[in-house]
Amino acid sequence: METNEVFDKVKGLFVEDLGIDESKVTMEAKLEEDLEIDSLGIVEVVMAFEDEFDIEIDDEELADVSTVGEAVKLLHSKI
Amino acid sequence: MSKRRVVITGLGTINPLGNSVSESWEKLINGISGIDNITSFDTGDLPVTFAGEVKNFDANEYMGKQHARKLDRSGHLSIYAAEQALLDAGLNPEERMGSNCGIVFGTGIGGIGATEDAVRVYDERGASRINPLAITQLMPNSSTGQVAIKFGIEGPSLTITTACAASANAVGEAKNMIENGIVDIVVAGGTESGTTPMTIGAFAQIRALSTKNDTPAEACSPFDKNRDGFVMAEGSTVLILESEESAKSRDAKIYGYVVGYGSTTDAHHITAPAEGGEGAVRAMDKALKDASLSVDDVDYINAHGTSTPANDKNETSAIKTLFGSKAYEVDISSTKSMTGHLLGGAGAFESMVCILSLQNGVIPPTINLNNKDEECDLNYTPNNAVNKDMNIAMSNSFGFGGHNGVLVFSKT
């Protein structure tokens, strides 16, 4: 799967499942500051990613993820 | 030192009758029921297929999906009612209320819908798929915290879970906070959304609910000989309580006064009322004493009147014990005949009813009261509203656990 396809799927999850405004979801967007995904929300996001891409994400792998682009990069490496 | 007087400056509500104070009041005085067949889920093999559901309310539309997802429905209703009440009180919901404002909220069973959903997901998909928001949706203080966050309420907060007396106790404890000078404003209310499959099933198991599935709007018939149980309902009602001096200093509209509060416990049985409503008698007596009033001063009693055989009989006995011969003169009604039982949200809703009754000089009826029960022989304002100039109203609320909360309101 190409990076842009992963991004499209991630964007779809954010918009459809989490109710985030579509225009806010860019590769540069910060999860916490820009998308208002708090510490509870991040657990939901991880669950949504795991279901969508049929993968498992460890908590340690999230340490370097603070933007949508970084999330896409992590997912791309695991698919 | 004399106590500070406590006024009501704002009202907000969302309930089976309507999504505003005016719509609810209009239905109340015209004797229109808000009970209907359940539409929010498939009732499957439940022995009860009707309830008082809130209608025409989409939380995603009201607060946005991203915010709405974080709350149980009881929380959505709370924020909606609180925003209405603040606006009605002439306060700006966009500004933080700050540390001179407290919040006291009542609920019987908190985010029970979220609990049911989370258990279902756990059973079907296992521990790794439990909603990470489940705890913050289901905890009973969720609405209290979410309303406080939304409107920046930084003073004291309490969540009261005395079952069906919860929001009567909430209004009473809010009154105490203001009387004692702890804060000038308290957002006081209650919420409940237990019109959910397991909850209705469980209440049905203990034979607490009416099973008149063929005639939902006529099922709740307090004090009627053929009453067979209460009707589950959902909703939230919020009152803005304020010190009289605070309200006057900002030229706020004053609906009326909260003048008396009595709280007692039966210490008898977890669901059945004490014989003769003994605990209820003491609560009504304490509320009147707190208000420095006597039974002769009471113009209207908004009864707990659930439509269960036991409550209505014992509440009637309790009123007779305290009021003596005056019991046959005082006007009584149960507005649960129209709303159903809002459980932890009932006391706040019925406080609102008392205040509006005093202000408008109208007593809403007990609908569906057609068959006389010799054990319920007082004046329950059957089927039609009554116009009457009044100054003092009493609201009774009694909950599983043996909790009794009684409030007294004054127009002047």
message: So if I average 1/r over every pair of distinct C-alpha atoms in the range B:8-249 and take the inverse, what Kirkwood radius in Å does that give?
response: 18.7 Å
Whole-angstrom Cα spans of the range A:3-78 along principal axes, big to small: 27, 26, 20
statement: Computed about the Cα centre, the charge dipole of the range B:8-249 from +1 Lys/Arg and -1 Asp/Glu charges at the Cβ has a magnitude in debye, to the nearest 20, of 460 debye
query: Within the set B:LYS175/B:LYS320; B:LYS175/B:LYS289; A:LYS11/A:LYS73; B:LYS336/B:LYS411; A:LYS9/B:LYS65, which residue pairs have Cα atoms separated by over 21 Å?
result: B:LYS175/B:LYS320; B:LYS336/B:LYS411
field: Orientation-averaged projected area, Cα convex hull of the protein assembly as shown (nm²)
entry: 24.1 nm²
message: Positive end of the dipole of the protein assembly as shown, charges at C-beta (+1 Lys, Arg; -1 Asp, Glu), about the Cα centre: which of B:GLY405, A:SER77, B:ASN15 has its Cα farthest in that direction?
response: B:GLY405
- prompt: Averaged over all directions, how much area does the convex hull of the C-alpha atoms of the range B:1-148 cover when projected, in nm²?
  reply: 12.8 nm²
field: Residue exposure sequence - B:CYS354, B:CYS376 - by fewest surrounding Cβ within 10 Å
entry: B:CYS376, B:CYS354
- prompt: Separation of the range B:2-47 and the range B:121-159 by C-alpha centroid, Å?
  reply: 24 Å
Likely footprinting exposure, A:HIS76, B:HIS268, fewest C-beta neighbours within 10 Å first: B:HIS268, A:HIS76
- prompt: For the range B:256-270, what does the Karplus curve 6.51 cos²θ - 1.76 cosθ + 1.60, with θ = phi - 60°, yield as ³J(HN,Hα) per residue in whole Hz, taken in order and with x for Gly and Pro?
  reply: x, 10, 8, 10, x, 8, x, 10, 9, 10, 5, 6, 10, 8, 5
- prompt: Residue by residue through the range A:44-56, which ³J(HN,Hα) values in whole Hz follow from phi under the Karplus form 6.51 cos²θ - 1.76 cosθ + 1.60 (θ = phi - 60°), with glycine and proline marked x?
  reply: 5, 4, 4, 4, 5, 4, 4, 5, 5, 9, 6, 10, 10
- request: Would you pull out the residues with amide H under 5 Å of B:ASN391's amide H, same chain only if 5 or more places away, H placed 1.01 Å from N?
  value: B:ASP299
Euclidean distance of C-alpha centroids, the range B:83-112 and the range B:391-411, integer Å: 21 Å
task: Go through the range B:39-56 residue by residue and turn each phi into a ³J(HN,Hα) via Karplus (6.51, -1.76, 1.60, θ = phi - 60°); whole Hz please, and just put x for glycine and proline.
output: 10, 7, 7, 6, 6, x, 9, 5, x, 10, 10, 9, 6, x, 9, 6, 10, 6
statement: Distance in Å, no decimals, from the C-alpha centre of the range B:282-321 to the one of the range B:211-275 is 12 Å
message: Using amide H atoms built in the peptide plane, which far-off residues or other-chain residues are under 5 Å from B:ALA291 H to H?
response: B:TYR261
field: Over chain B: helical MRE at 222 nm, DSSP H runs n ≥ 4 each giving -39500 (n - 2.57), nearest 500
entry: -10000 deg cm²/dmol
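Laboratory data are not the source of any read-out in this text; all were calculated from the coordinates shown. Quick caveat, the model's predicted, so the values are computed rather than measured. Quick reminder, even Gly has a Cβ in these numbers, built from the backbone with ideal geometry, and neighbours come from all protein chains shown.
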